[in-house]
Amino acid sequence: MKIDLITLYHLDMPLVHPFETSFGLETRRECLILAATGEGLTGWGECVAMNLPSYSYETVGTAWHILEEYLIPAVLEKTWQTMEEILAEFHWVRGHPMAKAALQTAAWDLIAQSEGISLAAKLAEPYPEGSKTRVPVGVSIGIQMTIEETLARMEDFLSQGFARIKLKIKPGWDLKLLSAARKEFPDIPLMVDANAAYSMEDLDLLLQMDQFNLVMLEQPLAYDDIYRHSQLQPLLNTPLCLDESIHTAGQAELAIKLDACRIVNIKPGRVGGPMESRQIQDICQISGMPVWCGGMLETGIGRASNLAVASLPNFLLPTDNGPTRRYWKEDIVEEVFTLNREDSTITVPVQPGLGVTPNLERIKSFLVRKKQFSRGEL
Ligand code: OSB
Ligand code: MG
């Protein structure tokens, strides 16, 4: 395989509904889409970095820079057969997992397409049990103006048939919200995500989370503090789930050894790509720890690659990668991901590669900038 042309698209897309977390309110989603062409095929990948360094230090701008200056020049015109070989070309670049994941995903798409199999099937090759054809799906509900509005949204999503609900919380938007949610919906699978908004100063409040029978409490403490999570976990019955704190298999191993969490949210974009996602799921599986695949408000391109990862054997809890219509009136792929009501799942694409068809007209309509890279132009 040889990639001779890479195109980067910086897009700015309006969200159907604003999405608020403890780190801020999003009304639009800026993202980077990467297309890698070689041997008559085009592989696609999405970079999940946001416009601000709030969820992670990476932004659309830093990812563009790292891709343009280092990652793309490292792979153009190189000959490679396996994923290990192409990854070795930019292994020397430290950090920047979101930028790397976009390129890695496009390379997986190329390999899977060249073999005529789906990305899910390709990623499942090391596992005798293979990949799932449908994955259970939950929904992540952002911070709303009022508790009533939140309950109404919960009601709406439950009636649509989602398998579990995740509520975003922050200081001042937590215990009251949960009391109301549990009063209205005593038995539903419910979890919360704090996006690192609390500290051990809030211990009393965090201990009260135990009374709500939550499936998990996602990333309550600082994004870079596995140690403090290890102090909190033994004090709670509720499993902690780490999101922002885990970027590598080594960090997952550390979190397991320290009992800093009992569940890991694997976002392929956050950990460098599907290869690292697989390594983290393997490490967790050995320790009997379930994982699940989170989302980052991706377009259909990122949703498709996430669903392939979510179909792997140790992804045992519902994904956040729900129907695309929830976020986009107009997505940049032709396919529309919808909920299978009867079993609260989303169907994993079966077409070769990512299994989605990017719509170039739509991409053009959201375009902020575009650049093409080939050896001749470097
Ligand atoms: O912490 O899981 C998170 C969205 C953007 C950034 C961080 C997070 C989220 C979500 C939404 O919770 C998940 C999704 O539906 O994509
Ligand atoms: Mg999270």
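Tell me, what is the percent relative contact order of the chain, built from C-alpha pairs under 8 Å that lie six or more residues apart? That works out to 22 percent.
Reported value for the range 209-299: 94 Å³ per residue, from the convex hull of its C-alpha atoms. Per-residue accessible area (protein heavy atoms, 1.4 Å probe) orders 176, 132, 166 as 176, 132, 166, starting from the largest.
Ordered from highest to lowest accessible area with the whole protein assembly present and a 1.4 Å probe, 200, 50 read as 200, 50. For the range 147-298, the equivalent ellipsoid derived from the alpha-carbon gyration tensor has semi-axes of 26, 19, 13 Å in decreasing order. Counting only Cβ charges, +1 for Lys and Arg and -1 for Asp and Glu, the dipole size of the chain around its Cα centre is about 340 debye.
About its Cα centre, the dipole of the range 40-186 is roughly 720 debye, where the only charges are +1 on Lys and Arg Cβ and -1 on Asp and Glu Cβ. For a paramagnetic label modelled on residue 205 (point 7 Å from Cα along Cα→Cβ), amide N atoms under 11 Å away belong, within the range 137-176, to 169-176. Values of log10 I(q)/I(0) for the chain across q = 0.12 Å⁻¹ run -0.87, by the Debye formula with one identical scatterer at each alpha carbon and no solvent. Computed with the Debye formula from one identical point scatterer per Cα of the range 321-378, without solvent, the log10 of I(q)/I(0) at q = 0.16, 0.19 Å⁻¹ comes to -0.68, -0.84. Counting only protein heavy atoms and using a 1.4 Å probe, the accessible area of residue 203 comes to about 50 Å². Could you name the lysines whose alpha carbon sits less than 22 Å from that of residue 132, not counting residues in the same chain fewer than 8 places away? Within reach: 122, 267. Note on residue 16 and residue 94: the extension gain reaches 24.5 nm, defined as 0.36 nm multiplied by sequence separation minus the Cα-Cα distance.
Highest mobility in the GNM of the chain, judged by mean-square fluctuation with C-alpha springs under 10 Å and restricted to 56, 118, 131, is found for 56.
Please identify the GluC sites (Glu not before Pro) of the range 1-100 that satisfy two criteria: DSSP loop assignment and at most 14 other Cβ atoms within 10 Å. Which are they?
Numbers: sites: 20, 26, 30, 39, 46, 58, 68, 69, 77, 84, 85, 89; in loops: 39, 58, 77.
Here the sparse-neighbourhood loop sites are 39, 77.
Sorting 303, 325, 182, 362 on solvent-accessible area from highest to lowest, probe radius 1.4 Å, gives 325, 362, 182, 303.
Given +1 on the Cβ of Lys and Arg, -1 on the Cβ of Asp and Glu, and no further charges, what dipole in debye does the range 130-286 carry about its Cα centre, rounded to the nearest 20?
Values: 16 positive and 21 negative charges, 102 e Å.
Here the size comes out at about 480 debye.
Taking label points 7 Å from Cα along the Cα-to-Cβ direction, residue 316 and residue 82 give a separation of 3.0 nm.
In the complete set of protein chains, residue-level accessible area for residue 91 is approximately 150 Å², probe 1.4 angstrom. Within the shell defined by Cβ-Cβ distances under 13 Å, the residues around residue 71 carry a net charge of -1, with Lys and Arg each +1 and Asp and Glu each -1.
The values are calculated or read from the model by the stated rules, or taken from the named source; none is laboratory data. Please read all numbers here as calculations on a predicted model, not as lab measurements. Don't worry about glycine lacking a Cβ; one is built from the backbone with ideal geometry, like all the others, and counts go over all protein chains shown. Only protein heavy atoms, including side chains, enter the accessible area calculation; ligands, DNA and RNA are left aside. Shrake-Rupley method; radii C 1.70, N 1.55, O 1.52, S 1.80 Å.
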